[in-house]
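Undergrad: Dropping the structure in here first, questions after.
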Amino acid sequence: MDGGPHEKYFLKTERLGFRWWTAEDLPLARELWGDLEVTKFFGGPFSEEEIRTRFKRERARRMVHGFQYWVMELLENGEFVGVCGLRPYRPADEIVELGFHLRPKFWGRGLATEAARAAIAYAFETYAPKKLAAGHHPENLNSKKVIEKLGFQYSHEEKFAELGMEIPYYLLEPEGETESS
C-alpha cells in the first residue's frame, strides 16, 4: 500500500476503515461468524448455511435500509477486524440498533469503542433516527462496558430470539437532545 487515499472506505477513524460488504466477502463472514469466541454470546457457533444467510442478510440490508453491519479493516494494513454498524430495531419508533462483532485477536485494544463512536455519529448524521438501541448478552461484560462508555442508558430487558433469553437493552439519544443529568 502506498498510504494514499482509501477510496473504498466511506467512514474512517484513527485506526479503522469502514466499507460495505461485497459479493467476494463470504470468506470474511466465515472467519467472523464461524468463530465460537465471536458468536458465543449471540447464538453461535453458526453452520455454513447460517453464515451464508447472515452474509446475505447484511448485504440485503444495504438495499432495503441503506445500512448494515459494515466491514471494518485496519487502515495500516487492510486486515479484517470485524463488523460494526446498524440494523433495524423499531422502525415505527425510528429507533435503529447499533452492534459490533470483532475477531478475538482485536479484543482489548479499544477498537470496539472507537468503531462504535464513529458509527453512532454517522448514524445520527446520515439516517437521523430518534434513538439508537444496543443490547448485549448478560454475561458479555466487555460489551456492557463499551455500551455504557458510549453513553447509552439502560432501558429494559427484552427477549432475544436467537438465544431464547432476556437480554438488557440500552438507548442513546442524539447529542443535545438528552435531558441534563
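The values are calculated or read from the model by the stated rules, or taken from the named source; none is laboratory data. For clarity, every value in this text was computed on a predicted model and none was experimentally measured. FYI the Cβ positions are ideal-geometry reconstructions off the backbone, even for glycines, and counts take in every protein chain you see.
Undergrad: Just to be sure, is Val64 more than 15 Å from the chain's Cα centre (by Cα) and β-branched (Val, Ile, Thr)?
TA: Here the answer is yes, as Val64 does meet what is asked.
Undergrad: Name, by its number, the condition in (1) surrounded by 12 or more Cβ atoms within 10 Å (Cβ to Cβ); (2) in contact with a helix residue (DSSP H, G or I) (Cβ under 9 Å, 6 or more places away or on another chain); (3) at pLDDT 95 or above; (4) not β-branched (Val, Ile, Thr) that does not hold for Arg109.
TA: (2)
Undergrad: Working only within segment 27-50, note down all residues that are in contact with a helix residue (DSSP H, G or I) (Cβ under 7 Å, 6 or more places away or on another chain) and surrounded by fewer than 16 Cβ atoms within 10 Å (Cβ to Cβ).
TA: Arg30, Glu37, Pro45 - these are the residues of segment 27-50 that are in contact with a helix residue (DSSP H, G or I) (Cβ under 7 Å, 6 or more places away or on another chain) and surrounded by fewer than 16 Cβ atoms within 10 Å (Cβ to Cβ).
Undergrad: Let me ask you something else. From the list Glu157, Glu162, Glu97, which one is closer than 22 Å to Ala29 by Cβ and over 15 Å from the mean Cα position of the chain (by Cα)?
TA: Glu162
Undergrad: Looking only at segment 62-82, which residues are surrounded by 19 or more Cβ atoms within 10 Å (Cβ to Cβ) and either assigned to a loop (DSSP other than H, G, I, E, B) or touching a Gly at 6+ places or on another chain (Cβ under 9 Å) (or both)?
TA: Across segment 62-82, the qualifying residues are Phe67, Gln68, Tyr69, Trp70, Val71, Met72, Glu73.
Undergrad: Here's something else I'd like to know. Does Glu94 satisfy being surrounded by fewer than 13 Cβ atoms within 10 Å (Cβ to Cβ) and not hydroxyl-bearing (Ser, Thr, Tyr)?
TA: So Glu94 fits the description; yes.
Undergrad: Select from segment 134-159 the residues that are aromatic (Phe, Trp, Tyr) and surrounded by 17 or more Cβ atoms within 10 Å (Cβ to Cβ) and list them in ascending order.
TA: Phe152
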